[in-house]
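So the structure is just underneath, and the comments pick up after that.
The values are calculated or read from the model by the stated rules, or taken from the named source; none is laboratory data. Please read all numbers here as calculations on a predicted model, not as lab measurements. Glycine gets a Cβ as well: all are built from the backbone with ideal geometry, and neighbour counts include every protein chain shown.
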Amino acid sequence: MSRDDETLRVYDARAAEYAGVTAADAPGRLLSAFIAALPGGGRVLDLGCGPGIDAGHMAAAGLVVEAMDASAAMVDLARARDGVAARQADFDMFVTERHSQSYHGIWANFSLLHAPRAALPGYLAAIHTALRPGGQFHIAVKIGTGQARDSLGRTYTYYMPDELSGLLRAAGLVPQAQRQGREPGLDGKPADWVAIRAARA
């Protein structure tokens, strides 16, 4: 198992606070572009959905939304969103379920950055398998090198943009758009991030 129990304890204990930090009345720029790239009524997976805010926006846009998160407290919040079918599961469970061309889109927004670097290629391969041809994949991570815990105890694996693009291409996911930014998270400290939207080749 690659999940980190200390990270999960933080999210379970601070789920409501995290929902407040990430609350948004409307989809942001990245989510809006992701939704626009999908067919109307398409099936999507929010992989590491947190409190389900993005999943709720996708459901409101008419998409068929499944959501999963390893944190039970986060799943409880996501289940309260209209149109969101949320369940508790970690990344390894997603891999073993062996989805095959199930989704038009998979959204992994600041979730896979909690996985070990060695595990990411396997997760990306499973995502490739789970996407329909031409399906869209969004990933966002923090920029940097190595792995570390933040002041709250959450573990992070950091990636440089070119490294992340290379991992996506190696998995058969072709980058379509990239954006970088800097903003604070739950710990209140500003951090650089990169988001890439890729398509299954």
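Please indicate, with yes or no, whether at least one residue in segment 105-115 is small (G, A, S), part of a strand (DSSP E or B), touching a strand residue (DSSP E or B) at 6+ places or on another chain (Cβ under 8 Å) and at pLDDT 95 or above.
Yes, there is a match, as at least one residue in segment 105-115 is small (G, A, S), part of a strand (DSSP E or B), touching a strand residue (DSSP E or B) at 6+ places or on another chain (Cβ under 8 Å) and at pLDDT 95 or above.
Looking at L30, L63, which is the one that is within 16 Å of the chain's Cα centre (by Cα) and touching a residue at least 24 places away in the same chain (Cβ under 8 Å)?
Matching residue, one of L30, L63: L30.
Return only the number of the condition from (1) more than 12 Å from the chain's Cα centre (by Cα); (2) crowded, with 23+ Cβ neighbours inside 10 Å that D92 does not satisfy.
Evaluating D92 over (1) more than 12 Å from the chain's Cα centre (by Cα); (2) crowded, with 23+ Cβ neighbours inside 10 Å leaves (2) as the failure.
Just to verify a result, which residue in segment 136-155, among those that are of a type in the set (S, T, Y) and assigned to a loop (DSSP other than H, G, I, E, B), is surrounded by the fewest Cβ atoms within 10 Å (Cβ to Cβ)?
My answer is S151.
Are any residues in segment 20-35 modelled with pLDDT of 95 or more, of a type in the set (G, A, S) and assigned to a helix (DSSP H, G or I), and if so, which ones?
S32, A33
Go through the residues of segment 46-57 one by one and say whether even a single one is out of contact with any Phe, Trp or Tyr (no Cβ under 8 Å at 6 or more places or on another chain), surrounded by fewer than 19 Cβ atoms within 10 Å (Cβ to Cβ) and at pLDDT 95 or above.
Checking segment 46-57: not a single residue is out of contact with any Phe, Trp or Tyr (no Cβ under 8 Å at 6 or more places or on another chain), surrounded by fewer than 19 Cβ atoms within 10 Å (Cβ to Cβ) and at pLDDT 95 or above.
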